[in-house]
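In what follows, a single structure is set out as C-alpha cells and then discussed.
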Amino acid sequence: MANDTDEEIQKPLPQRMQDSMSQLGDDIVSSQAWNSIFRPGSIFRKGYTDSPRNRSYVIMNSVMYHLHPVKVKRHAVKVSYTLCLGGLSFFLFILLTVTGIFLMFFYRPTAAAAWDDIYTLQTSVTFGLLVRNMHRWGAHLMVLTVFLHMARVFYHGAYKPPREFNWVIGVILLMLTLLLSFTGYLLPWDQLALWAVTVGTNMMGYTPVFGDQVRFVLLGGVEIGTDTLLRWYVLHVLMLPFVIVIFMAIHFWRVRKDGGISGPL
C-alpha cells in the first residue's frame, strides 16, 4: 500500500489529474443515480454482453433507435424512392416554428399595430426581413412538400393495408397544413390579406346548415376586425401547431409500427 502511494506521488501532476478524473468518471458511471437514469442497453451503460436480449434493450431504451424499425428495406434508403419529402416537410415545420417564435417578439395582434409592426420588423430589426421571408417562403414550401409527399404515397400505393390508418392521418395533416398557412395569411394586416380572408370566410359562409355560424366564429363578428385578427393569431401560433404536433407524432409512430416505408408496387 505504501509503495502504491509512493508511485502515485512520483507520477507527474498531469498524469495524477488524469487518473483522478478517470476514477471520478468510473465512480459516477457505476453510481445508483447514473444507473437509475440510463437503463440497461443504453450507450452510456457498460458491461453488457452482445446478446439478442441486450440488443433489444438498446432499441427499447433509446428514443432515437426506437423511432426506426428494426429492419429497413433496401429500397427505402434510396433518395430517388421517397425524395425525402416527408423529412423535408418536418424540417420546414421546425424552421417555421423557430422563425415564427422570432417574429412573435416583434408582433402585436391588434388592428392598430399589426401592419406597423410588420413594417418595423422589415426595416428596423436586424435580420427581420430575412427571417420574415424565411417564414413566408418556408410556409409555401411546406404546403408544396406535404402535397408532393401525399402524391408520392398515393402513386406508390402506400395507402393500402396495413397503412390505411396512417393515410387518413396524412390527409388530416395536409388539411392542418393548409389551415396553418391560411391563418397566417391575415397576420400582416394589409389589403391583400384582408381581401383574401374576406373571400375565404365568405366561401365558408355558404356551407350548408351551419355556414353562417362558422363564418361568425371565424370572424368574431359580422366583419373582419381586431377580434378576427386575434382569433386567427391564436389559431396560427397556438392551437393549430399544437394539434399538428400531436398528429405528426401519431404519423411517425404508425410509420414505425407498420414496418417503415412501404415497398414499391
When you look at residue 45, is it assigned to a loop (DSSP other than H, G, I, E, B) and modelled with pLDDT under 85, yes or no?
yes
Failed condition for residue 115, given (1) surrounded by fewer than 18 Cβ atoms within 10 Å (Cβ to Cβ); (2) not in a helix (DSSP H, G or I):
(2)
Out of (1) among the polar types (S, T, N, Q); (2) at pLDDT 70 or above; (3) out of contact with any Lys or Arg (no Cβ under 7 Å at 6 or more places or on another chain), the odd one out for residue 5 is which?
(2)
Take the residues in segment 20-42 that are in contact with a helix residue (DSSP H, G or I) (Cβ under 9 Å, 6 or more places away or on another chain) and outside any loop (DSSP other than H, G, I, E, B); name whichever of them is modelled with the highest pLDDT.
28
Suppose we filter segment 128-184 for residues that are closer than 20 Å to residue 76 by Cβ and of a type outside the set (Val, Ile, Thr); how many remain?
20
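The values are calculated or read from the model by the stated rules, or taken from the named source; none is laboratory data. Small disclaimer: the values here were computed from a predicted structure and weren't measured. Here Cβ is always computed from backbone atoms with ideal geometry, including for glycine, and neighbour counts include all displayed protein chains.
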